[in-house]
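I have placed the structure first, in the form of structure tokens, so that the comments after it can refer back to it.
The values are calculated or read from the model by the stated rules, or taken from the named source; none is laboratory data. Here the structure is a predicted model, which is why all the values come from computation and not from measurement. Backbone-built Cβ (ideal geometry, glycine too); neighbour counts: all protein chains shown. Each accessible area value is taken on the protein alone, full model and side chains, heavy atoms only, with ligands, DNA and RNA left out. Shrake-Rupley method; radii C 1.70, N 1.55, O 1.52, S 1.80 Å.
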Amino acid sequence: MSQINWKQTISECEEWYEQNLNIDLDKVKQNVIDWNDGSDEATNTNGVNPKRNLKLFHNKTKDIFCSPVKVKIEPKLQPLMCWHNSKFMNEKFGYEIVDGINFTACKCGRLVCGEVHSINKVNGKYIDFTRDFNNEKYKWFLQFKNKDISAQEFNGVSQNVAKTFGLPDLALFNIGSDKCSCPNEWSLDSAIFYDYENFNKEFKKVIGCLESGLITFND
């Protein structure tokens with residue numbers, strides 16, 4: 001990996017975006033600027049307490065996710081494009097795609113946030129090539145136990161489950177307490193739960209629809 005010509009690779013990746021995706025890359029970059037401007041009001045890696053909120057989350061969801069790992073971020077590729085970045089690195093260098101969720105928390109630890117996410121595995125080590133906000137250097141990550149589930153597929157199925165059954169879209173979710181006084185913006189676009197049991201039950205509904213084929217990515 002140390003032999004990668006990153007200037008060339010980043011250029012090739014952006015060309016790959018243009019050839020394979022119908023996106024406005026300039027708009028994505030502006031969203032990142034806006035995101036960084038509001039980073040003081042976001043959950044982050046430093047808010048995660050591995051022995052408290054992360055351990056509690058995994059204890060309640062260990063039938064869905066593998067054990068959490070702290071993954072190094074190599075901030076080379078475009079933010080907000082994690083699945084596409086991991087797929088590009090797979091196609092160009094053969095790095096394995098690994099899908100699951102990233103896990104962050106607020107400063108007081110009472111609010112945690114999960115987001116479906118893709119990274120790569122290089123020589124047995126997890127690496128996240130997607131640049132994150134606020135110059136994050138590491139990310140807590142929990143891989144799906146069912147390795148046949150891709151982040152892109154989960155996102156699509158979750159959106160369709162939400163439309164079909166009136167359930168929350170779980171591609172991005174918050175679990176927390178109204179006792180949290182941190183200046184976090186509880187996004188209206190994310191699912192909000194006040195206990196881990198309820199989250200686990202709703203998340204399993206999406207997994208069940210995906211695994212059974214009841215709801216598909218293209219529905």
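Structure shown: which of K163/K204; K27/K147; K70/K107; K55/K163; K70/K205 lie over 25 Å apart, alpha-carbon to alpha-carbon?
K27/K147; K55/K163; K70/K205
What do you get for the angle between helix 6-20 and the principal long axis of the chain? Use alpha-carbon atoms, 0 to 90 degrees, nearest ten.
The answer is roughly 70 degrees.
According to a simple spin-label model (label point 7 Å from Cα along Cα-to-Cβ), what is the distance in nm between K204 and K125?
Label-label distance for K125 and K204, simple model: 3.7 nm.
Could you give the length gained on full extension between N5 and N135, defined as 0.36 nm per residue of separation minus the Cα-Cα distance, in nm?
Extending this stretch completely gives an extra 44.6 nm.
Report the convex hull volume per residue for the stretch 79-131, counting only C-alpha atoms, in Å³.
Per-residue hull volume (Cα only) is 83 Å³.
With all pairs of different alpha carbon atoms counted, what Kirkwood hydrodynamic radius in Å does the chain show?
For the chain, the Kirkwood estimate is 18.0 Å.
Helix 82-93 against the longest principal axis of the chain: what's the angle in degrees, Cα atoms only, rounded to the nearest 10?
The angle comes out at about 40 degrees.
Return one number: the angle in degrees, 0 to 90 and rounded to the nearest 10, between the long axis of the Cα atoms of helix 25-37 and the longest principal axis of the Cα atoms of the chain.
Long axis of 25-37 versus the principal axis of the chain: about 50 degrees.
For the chain, what does -39500 (n - 2.57) per DSSP helix run (n ≥ 4), summed and divided by total residues, give at 222 nm, in deg cm²/dmol to the nearest 500?
-12000 deg cm²/dmol
To check my understanding: the extent here is largest minus smallest coordinate of the Cα atoms along each principal axis. What are those three numbers for the stretch 73-161, in Å, largest first?
40, 34, 23
If the chain between F93 and Q19 were fully stretched, how many nm would it gain, using 0.36 nm times the residue separation less the Cα-Cα distance?
Here the answer is 24.8 nm.
Not counting ligands, DNA or RNA, and with a 1.4 Å probe, what is R131's accessible surface area in Å² rounded to the nearest 10?
Accessible surface of R131 is approximately 90 Å².
Taking amide H atoms as placed 1.01 Å from N in the peptide plane, list the residues 5 or more away in sequence, or in a different chain, whose amide H sits under 5 Å from that of V71.
K139, W140, F141
Over all directions, average the projected area of the Cα convex hull of the stretch 134-183 and note it in nm².
Average projection, Cα convex hull of the stretch 134-183: 5.9 nm².
What does the net charge come to around N146 if you take all other residues with beta carbon closer than 12 Å to its beta carbon, with K and R at +1 and D and E at -1?
-2
Share of the chain's accessible area from carbon and sulfur, percent, 1.4 Å?
With neighbouring chains kept in place, the figure for the chain is 45 percent.
Rounded to the nearest 10 Å², what accessible area does T164 have for a 1.4 Å probe in the complete protein model?
We get 80 Å² for T164.
Quote the FRET efficiency, to the nearest 0.05, computed for N46 versus Y194 with a Förster distance R0 of 30 Å and r equal to the Cβ-Cβ distance.
0.80
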